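What follows is a single structure, written as structure tokens, with notes after it.
The values are calculated or read from the model by the stated rules, or taken from the named source; none is laboratory data. Not measured: the values here are computed from a predicted model. All Cβ positions, even for glycine, are placed from backbone atoms using ideal geometry, and neighbour counts span all protein chains on display.
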Amino acid sequence: MINWRQVSSSPFGLLVGFLVWASAFASIYAAVSLGCAMGWQGVTLGVITLQQLAPFLLLPLHIAILTAILFSAWRIARARHTPGFLLTLHGITAAFALAATLWTSAPLLLASNCGVTPTLVKGEQLEPERSGSSAPH
Amino acid sequence: MAASGKSALLRHKDLQRAWCNPPGWGRLAAVNHSIIGRRFILTALAFFAIGGLLAMLLRAQLATSRSAFVGPEIYNQFFTMHGTVMMFLFAIPLFEGLAMYLLPKMLGSRDMAFPRLSAYGYWCYVLGGSILVVALAIGYAPDSGWFMYTPLSSKPYTPGINSDVWLIGITFVEISAISAAVEIAVSILRIRTGGMSLQRLPIFAWYMLVTAFMILVGFPPLILGSILLEVERAFGWPFFDPTRGGDPLLWQHLFWMFGHPEVYIIFLPAAGAISTILPVLSRQRLIGYSWLVASIIALGFISFGLWVHHMFTTGLPHLSLAFFSAASLLVVIPTSVQIFSWLATLVMGRPQLKLPMLYILGFFFVFVMGGLTGVMVGVVPFDWQAHDTHFVVAHLHYVLVGGFVFPMLAAAYYWLPRFTGRQAQHRLGLVAFWLIFLGFHGTFFLMHLTGLRGMPRRIFTYPVEMNWDVLNLISSMGSFVMAAGFALFVVDIILQLRFAPRSCRNPWQADTLEWTVPGPVPLYNFAALPHIRSRYPLKAQSGLALKLATGDGYLPEVRHGWMETLSVDMVSGRPDQIVLLPKPTYLPFFAALATAVFFLGALFKIYGLALAGLATAMTLFLVWAWHSGLQRDYGALPAGLGLSLPLHAETERPPAWWAMAFTLVADGTMFASLLFGGIFLLVVTPGEVQPAIASGAAMWLDIVIIGLLAGAVFAMRRTVRAVATPAPRQRLIGIAFVQQLLAAALLVYLIRAAPDAKAHAVHALSTAMLWYLALHVMVALVMTGFTIARGRCGYISATRSAEPRILLLWYTYVALAGLIGLALLRLISPVAP
Ligand code: HEM
Ligand SMILES: [Cu+2]
């Protein structure tokens, strides 16, 4: 297992929170784009489509990791008299990263899937709300 | 040995003798950070003048409708070169130079971690920049815009050499960016003085540290993209050619993965200067140090999640747009944390309206306006309107000039006494400020309006019916006022260099260490290195400068003519090594010349010459590396203040180990970009693709290669463990060598067996991946051979074990890359075994 005490006392520990954010951002984005390209919204699994499932598995996973990081930082801090500079910073960056993860995933709730604004596809025949096999751009 | 009876003058003479630099032609051998830093800065300013001249020509052309000053071909070259020069040859080298000059003085050290690397980077920058400028002078400059979009920049549409000049020249210059980044990161993390823990790091160092890592991750996609595009242009591998399975959007992705972070890479050092200057001139310590550090880190990361906002109009799915729009708005938060910290510092302090402060206020004003228009274009529907109009030109100059040029002018006036040892004088500077400030708004504020009236960017002329004449004429007049301001700035600086009276040591009452260095700056910076007990050593430790001059500190004596500085534990700042710095040498200069031969060979398609250049450069690097290290153990040596420390060559992780680790970060990003390209093409490629690896070469070949690479890692690990006993050690390295050799042979076989890379983008990408792996294995071979020779000549021992350890890092990286890369090839082109 990862030794959080060690992570939080290394300067590279400061990168951990945002690395998780980066992973969330990249993996959710990739899953959604791949889904659009491969027609995942056609594949239903019970109540939801495969297209919806992928991000809704990835997001809670990343949130859980970030919460765990924050929690461990808090526990280590509590065990000491003063949290110390590096640990404080570790906590702030992890909290920032958690907020950022929530914010950058918000579009999942709002945007329509896979749609392309037709007028912007220059030099192609306009076909509104393209989706399915070929890549949308 | 602290404060031995020797006088300050004698100590200075001793140090001077060890650190001296030959005059005349010997200047080409200089590696000292003050000299190289100064050269970077002056060269960057020269390029600013060139870029500025081009800007004036652009404005002259656009001043009136149907102007006949230059035609479209020349106009295209002018704006492309203006953008390129400003971004690559002015902004980045300028802050690199500033960092090189200042960081060691701020961190209490005598030089950067790798002085020869600084010098090499500098020469690469000068030579690469010269390729571009010469091309401009003879009319063959790049002309596809500073972001070189394909297919415009591809062979069919730009058949001439223009695009090649950009791709090759800029890649050459990027060597200096990457090497400076490695150097800056290692220096900040390791090469400090005793007691300078992370929480006592000057804030400027935090900014530069994050910037350095951003360069390591941000530049490789562009370097990769440039190489791929050049290979497409030169050999017809169709990475970006949609008729053969490629995709022009791949270029856009690779470019903007670099291009957006680039804006923050330029902004952060400038913000670092502000965070340093503003508290001093407000006579108030910076408020919210920890929050600031956290927000710099946040900014560093988030800026990598934004690149697609440059592609809002490429017809991406709504979801992508929403994602990147959200991330674009998110950067506002860490940026605001900084702005509020500065405002709080201003409000709590007693600000003095000195000239640097005036520039900072100018920055606030301009940058906030740029930020507002930034939020506007970050909103997708607005961007659909404003995209590619002069609105964007206005926005980007508010951000770049506001966020970089103004802070750098503040920095120039703030640190000028540090460079010259003379008093700061602000009469002409004040006039220059107002000319620049008013000229700037005159030029660019109006461009918002021309943009909203629909004037596209990058047009060489426009018809009178559009009614853009008045706005454009005033814009152009404004730009000439601004140019006059810059000219006055230069005159002012020259006058001050010549005529200003001598300054006292700390004219601003600042609290960072660079102000304890005597002026004119000696090459060794500090006669003895201070022990730091506060983030504000000049305030907390009175009389520091005097103490250092009398040798009360670390490393006060010269021994064996060595040039020494300290290396510390990254977090606590406890000294743990004495680093021996290299003497002046011509190697970096000649290595850069050889590198230039390589790039020129590639440019003119004389590939034999290119290979000869490459081989020469490699040889010079090996000679260079050979001159490092020791052939015997010295054990712990006295380091002053009662401390005894080993030399860096006698530790497991000297600075070079970290340099390798950070280089691999950059290399890994390049590899990840290549993987991204593969997956991108896989997803967008319509239809079936033939197998990329000839069917004769089955899965088991991959497995053998990976097995060999893994075996080599294993052998190398055992080498490291057996490092004390020469015979088994040399045998194990030998085994590793043979395994790498076999892996190289098999990879070359795979390349030869692969189908024609010209036929399809997926083939091209697979072959590129195989080449990537093969080249890495070949470099491993060279380094292994080198290490074997080093072992024979007694450079490796139980304590001097760093070289095999560094090699182990490379081996491990290559094995991982092999595993992932070959797996990707199977994925994008499955082959029946
Ligand atoms: C000194 C005053 C400056 C003036 C008068 C100026 C003027 C201009 C103009 C008129 C254009 C638009 C050309 C067109 O689209 O037709 C332009 C483009 C550009 N400028 Fe500047 N500029 C100045 C300084 C800078 C600085 C300091 C930077 C960067 C640090 C910069 C970076 C750029 C870039 C990246 C472009 C886009 C080039 C392209 O479209 O390929 N400029 N500039
Ligand atoms: Cu951007």
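One table, with the values for the structure above:
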{"item": "Unique match (being free of Cβ contacts under 8 Å to residues at least 40 places away in the same chain, more than 9 Å from ligand 1 (Cβ to nearest atom) and not charged (D, E, K, R)) among B:Pro104, B:Pro159, B:Pro72, B:Pro93", "result": "B:Pro159"}
{"item": "Qualifying residue in the stretch B:269-287 (condition: in contact with a Ser or Thr (Cβ under 7 Å, 6 or more places away or on another chain), within 13 Å of ligand 2 (Cβ to nearest atom) and part of a helix (DSSP H, G or I))", "result": "no"}
{"item": "Qualifying residue in the stretch B:327-344 (condition: free of Cβ contacts under 8 Å to residues at least 12 places away in the same chain, among the small types (Gly, Ala, Ser), buried (at least 19 other Cβ atoms within 10 Å of the Cβ) and within 14 Å of another protein chain (Cβ to nearest Cβ))", "result": "no"}
{"item": "Selection status of B:Arg110, touching a helix residue (DSSP H, G or I) at 6+ places or on another chain (Cβ under 7 Å), part of a helix (DSSP H, G or I) and more than 16 Å from ligand 1 (Cβ to nearest atom)", "result": "no"}
{"item": "Residue tally, condition part of a helix (DSSP H, G or I) and surrounded by fewer than 19 Cβ atoms within 10 Å (Cβ to Cβ), over the stretch A:1-14", "result": "6"}
{"item": "Qualifying residue in the stretch B:271-281 (condition: under 16 Å from B:Thr335 (Cα atoms), within 16 Å of ligand 1 (Cβ to nearest atom) and either out of contact with any helix residue (DSSP H, G or I) (no Cβ under 6 Å at 6 or more places or on another chain) or not assigned by TED's automatic domain parsing to the domain that holds B:Pro221 (or both))", "result": "yes"}
{"item": "Selected residue (criterion: farthest from ligand 2 (Cβ to nearest atom)) from residues of the stretch B:394-404 that are of a type in the set (A, V, I, L, M) and surrounded by fewer than 24 Cβ atoms within 10 Å (Cβ to Cβ)", "result": "B:Val401"}
{"item": "Set B:Asn506, B:Asn472: member being modelled with pLDDT under 90 and outside the structural domain of B:Gly145 (by TED's automatic domain parsing)", "result": "B:Asn506"}
{"item": "Every residue from the stretch B:4-27 that is part of a loop (DSSP other than H, G, I, E, B) and either modelled with pLDDT of 90 or more or closer than 17 Å to B:Asp111 by Cα (or both)", "result": "B:Cys20, B:Asn21"}
{"item": "Every residue from the stretch B:113-156 that is crowded, with 24+ Cβ neighbours inside 10 Å, within 16 Å of ligand 1 (Cβ to nearest atom) and over 20 Å from B:Phe590 (Cβ atoms)", "result": "B:Leu132, B:Ala141, B:Pro142, B:Asp143, B:Met148, B:Thr150, B:Ser153"}
{"item": "Qualifying positions in the stretch A:16-27 - touching a residue at least 60 places away in the same chain (Cβ under 8 Å) and facing chain B (nearest Cβ under 8 Å)", "result": "A:Phe18, A:Trp21, A:Phe25"}
{"item": "B:Val401 vs. criteria within 16 Å of ligand 1 (Cβ to nearest atom), among the β-branched types (Val, Ile, Thr), away from chain A (no Cβ under 14 Å) and out of contact with any Phe, Trp or Tyr (no Cβ under 7 Å at 6 or more places or on another chain)", "result": "no"}
{"item": "Sole exception among (1) of a type in the set (Phe, Trp, Tyr); (2) more than 9 Å from every other protein chain (Cβ to nearest Cβ); (3) more than 25 Å from the chain's Cα centre (by Cα) for B:Phe323, by number", "result": "(2)"}
{"item": "When residues of the stretch B:251-268 are limited to those that are of a type in the set (A, V, I, L, M) and under 27 Å from B:Leu674 (Cα atoms), the one nearest to ligand 2 (Cβ to nearest atom)", "result": "B:Val263"}
{"item": "Identity of the residue in the stretch B:301-315, in contact with a Leu (Cβ under 9 Å, 6 or more places away or on another chain) and facing chain A (nearest Cβ under 8 Å), that ends up modelled with the lowest pLDDT", "result": "B:Gly315"}
{"item": "Matching residues, the stretch B:436-470, being surrounded by 20 or more Cβ atoms within 10 Å (Cβ to Cβ) and assigned to a helix (DSSP H, G or I)", "result": "B:Ile436, B:Phe437, B:Gly439, B:Phe440, B:Thr443, B:Phe444, B:Leu446, B:Met447, B:His448, B:Thr450, B:Gly451"}
{"item": "Enumeration of residues in the stretch B:221-250 that are among the hydrophobic types (A, V, I, L, M, F, W, C), surrounded by 21 or more Cβ atoms within 10 Å (Cβ to Cβ) and away from ligand 2 (no atom under 16 Å from the Cβ)", "result": "B:Ile223, B:Leu224, B:Leu228, B:Leu229, B:Trp237, B:Phe239, B:Phe240, B:Leu250"}
{"item": "Filter pass, A:Gly17 being crowded, with 19+ Cβ neighbours inside 10 Å and small (Gly, Ala, Ser)", "result": "yes"}
{"item": "Selected residue [at the interface with chain A (Cβ under 9 Å from one of its Cβ atoms), farther than 30 Å from A:Ser33 by Cβ and touching a residue at least 60 places away in the same chain (Cβ under 8 Å)] from B:Val293, B:Val280", "result": "B:Val293"}
{"item": "Some residue of the stretch B:492-504 being out of contact with any Gly (no Cβ under 8 Å at 6 or more places or on another chain) and among the acidic types (Asp, Glu)", "result": "no"}
